[in-house]
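These notes are about the structure you will find just below.
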Number of protein chains: 2
Amino acid sequence: MSPRPGSRRAVTVADIARAAKVSKATAARALGDYGQVSDAVRSRVLAAAEELNYRPNALARSMNTGRSNTIGVVVGDIENPFFAHAMRGISDVANREGYDVILTNSDEDVEAEQAAVDVLLDKQVDALIVAPASSARVGHLAAVGAAGRPLVLLDRRADGRPYDSVTVDNRAAAARATAELLAEGHRRIAFISTHDHPAGVYTPGDTITMSSVADRVAGVMEALTDAGIPSPEQNIRLDARRRGVEAVARDLLEGDDPVTAVIASDSLIAMTVFQTIRTLGLSIPGDVSLISFDNPEWTGITTPPLTVVEQPIYELGAAAARLALQRIHGERVDDAAVVFDADLLRRASVGPAPRAGAPVAALSETEGRNTP
Amino acid sequence: MSPRPGSRRAVTVADIARAAKVSKATAARALGDYGQVSDAVRSRVLAAAEELNYRPNALARSMNTGRSNTIGVVVGDIENPFFAHAMRGISDVANREGYDVILTNSDEDVEAEQAAVDVLLDKQVDALIVAPASSARVGHLAAVGAAGRPLVLLDRRADGRPYDSVTVDNRAAAARATAELLAEGHRRIAFISTHDHPAGVYTPGDTITMSSVADRVAGVMEALTDAGIPSPEQNIRLDARRRGVEAVARDLLEGDDPVTAVIASDSLIAMTVFQTIRTLGLSIPGDVSLISFDNPEWTGITTPPLTVVEQPIYELGAAAARLALQRIHGERVDDAAVVFDADLLRRASVGPAPRAGAPVAALSETEGRNTP
DNA sequence: CTGAAAGCGCTTACAG
DNA sequence: CTGAAAGCGCTTACAG
């Protein structure tokens, strides 16, 4: 006569204690593998547990120990391959140490992020890993420390706060990508990001609220300025989310003074730019050179394959989890601000800048089409 | 004098009760928003909570209510875009209803899956959504029901068990893809999957342990058989994980009787096949037609763009979460075995079968190369 | 090594 | 509507 689903009562320590004819404390000690228990009693208890199909209640255990063996993670969007890969890195390291991971998406919205952080804290996660939607609006993150739990920032820093973080040297990476284009003679180089910049257009001196994007813009600006390009900011576009990547790309490609090279801040943007270039009848890299951040496999099989800035994304997540675990265990932390390098992977989407005044459109007639 | 991190004691119901000069029960009622509380008392309690920065302990709450507001999810690998998208569907629906999601990767290993299920059950998740690594080895899933909690299978069924499930009609989809190729005159059509089939080669009558793959093979076999193709099983390859997709693709493409069309069981396989075809100097679809399961954005920008079987992956996850929630709430469930259709998206990677004996290699010299 | 008791932070009958 | 008490399933001092 099995109990109805939902009404079934779980087997508890008390049941095992009764079956093994010992006290609850002793049964619990054998079951939980702590304290002192004689071998004879232990095996009696474990036999009873086996017999009754005992399973510990992790919640009850956490209530006492104050440790939930769970790490909370807040990312922008798990559908984004960047976060999916980072998440795998986090999970692998966490699981290996006996921790589970609660995943939440913020959709890069600060309010949603705050709500997620609060709920995760309420659920007593032992640590929190978050990719903050804004490096400027980070006040709500103080709740993590106030609750006495470690916080590790993923991919983005928090302005003026010394939280642990694992990031990529985006400034250097962006500068390197820009230098690569400058070396090929490009002068009109665009950078496109979908990070929402309130001001619409970017003006030097502006604060860009997502540190990763801010760093990339700084790197591009730096390289451009060093090369003596006038008004280096004019082709930096941070309005691609609002206006749509295609519209922005068309602007840049079709204006009076069209760019000859584009740096895409992620591979989704690169994909749209790639298509837009095609649609306009232009060729890569004949008319336009293209570099993308991130290296999903497809970038290797397009025609031409894309030159990319490859970030060690899995490692980023793994390092964040490692840091969190160290903090949880109260270990000494050598480097509370881990910074990874990103490599420039040269493939075939970068070429010499087309000569000014060359009949670009004509050239592209034969080269720039899909051939289905 | 703030307490040291780690040693800080959280503010509890008892603290609030003391501050508001009411009993713990009353404070808890106001805080937890249940039972009866007078407006006057409620506002006094809430003011005290605000003042002391009270946050409920969700674990303690769960201990009493028996509900953790958490759903456990076990997928093969969150790095796989299929699961990343499904996960987003699950999260969105769950979060909207106030549930969090614990994510675990099984790496398609039954042992790891079982361990994950047990841990999630111990953590008192209110329901479990799992993509079982094997449709045959599912005994461990009985633990979910034994614990009185709902189980929903994602993407794959469990042989002979009536668990709730959300799947795609893979058989029909595979048959449709095959028919598309047959209609173009193809006779030697390959199907490649990385699902590990112990037997190595596929022989009609074999049991394929992952139901999604089994259904696809059945669909291909059915279409091929209906078309009167002899030995339709000869180009069905289930050894791609062990041997490597490229090696398998080369076999199929370079043998005495090379195939003229390939159906890839996922987009990662398609990517390698795509590259292999290129490497061999063959053209798509001139020499070889290619259809992939799944529709990641990159399949639209290759040259040529790929014809794909598009599965409603996000919806798959969302439906699984909806089902789980219905079961949690004890609602009536109309359809405990939700089956979605997958559409064939015609793009440009399918063309007429090349004439037998045509100088395939010569043709491809000029057509099949990357042009960087 | 073992047990009786108290406690983790809540919720839930049960009185009043 | 409010409160005192018991309880959720464990762990943790404290005795013995």
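Structure above, values below:
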| item | result |
| --- | --- |
| Selected residue (criterion: nearest to the other protein chains (Cβ to nearest Cβ)) from residues of the range A:339-372 that are at pLDDT below 65 and not in a helix (DSSP H, G or I) | A:372 |
| Search result, residues across the range B:158-184 that are surrounded by fewer than 21 Cβ atoms within 10 Å (Cβ to Cβ) and in a loop (DSSP other than H, G, I, E, B) | B:159, B:160, B:161, B:162, B:163, B:169, B:184 |
| Filter result for residue B:192 (among the hydrophobic types (A, V, I, L, M, F, W, C) and within 25 Å of residue B:258 (Cα to Cα)) | yes |
| Pair list, Cβ under 6 Å, 6 or more apart: the range B:79-90 residue open to solvent by less than 20 Å² (accessible area, probe 1.4 Å), other residue at pLDDT below 95 and not in a loop (DSSP other than H, G, I, E, B) | none |
| Hits in the range B:313-336 - residues which are touching a residue at least 12 places away in the same chain (Cβ under 8 Å) and of a type in the set (Asp, Glu) | B:315 |
| Candidates B:143, B:133, B:127, filtered to the one that is touching a strand residue (DSSP E or B) at 6+ places or on another chain (Cβ under 6 Å) and assigned by TED's automatic domain parsing to the domain that holds residue B:82 | B:127 |
| Pairs where the first residue, in the range A:54-77, is farther than 15 Å from residue B:125 by Cα and at the interface with chain B (Cβ under 9 Å from one of its Cβ atoms) and the second is at pLDDT below 95 and open to solvent by less than 40 Å² (accessible area, probe 1.4 Å), C-beta under 7 Å, 6+ apart | none |
| Scope the range B:147-156; condition within 12 Å of chain A (Cβ to nearest Cβ) and either under 17 Å from the mean Cα position of the chain (by Cα) or free of Cβ contacts under 8 Å to residues at least 12 places away in the same chain (or both); matching residues | B:148, B:151 |
| Subset of the range A:30-53 that is under 10 Å from residue A:13 (Cβ atoms) and near DNA strand D (Cβ under 7 Å from one of its atoms) - its residue that is surrounded by the most Cβ atoms within 10 Å (Cβ to Cβ) | A:31 |
| Residue match in the range A:62-76 (condition: open to solvent by less than 20 Å² (accessible area, probe 1.4 Å) and within 14 Å of DNA strand C (Cβ to nearest atom)) | yes |
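To keep it simple, each residue is scored yes or no on (1) among the acidic types (Asp, Glu); (2) closer than 17 Å to residue A:79 by Cα; (3) modelled with pLDDT of 95 or more.
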| position | (1), (2), (3) |
| --- | --- |
| B:255 | no, no, no |
| B:305 | no, no, yes |
| B:308 | no, no, yes |
| B:318 | no, yes, yes |
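Conditions (1) of a type in the set (A, V, I, L, M); (2) open to solvent by 10 Å² or more (accessible area, probe 1.4 Å); (3) within 13 Å of chain B (Cβ to nearest Cβ), marked per residue:
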site	(1), (2), (3)
A:106	no, no, yes
A:113	no, no, yes
A:120	yes, no, yes
A:131	yes, no, no
A:136	yes, yes, no
A:139	no, yes, no
A:142	yes, yes, yes
A:145	no, yes, yes
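The values are calculated or read from the model by the stated rules, or taken from the named source; none is laboratory data. These numbers were taken from a predicted model, which means no experiment stands behind them. Virtual Cβ from ideal backbone geometry, glycine too; neighbours counted across all protein chains shown. All accessible areas refer to the heavy atoms of the entire protein, side chains included, with ligands and DNA or RNA removed. Shrake-Rupley method; radii C 1.70, N 1.55, O 1.52, S 1.80 Å.
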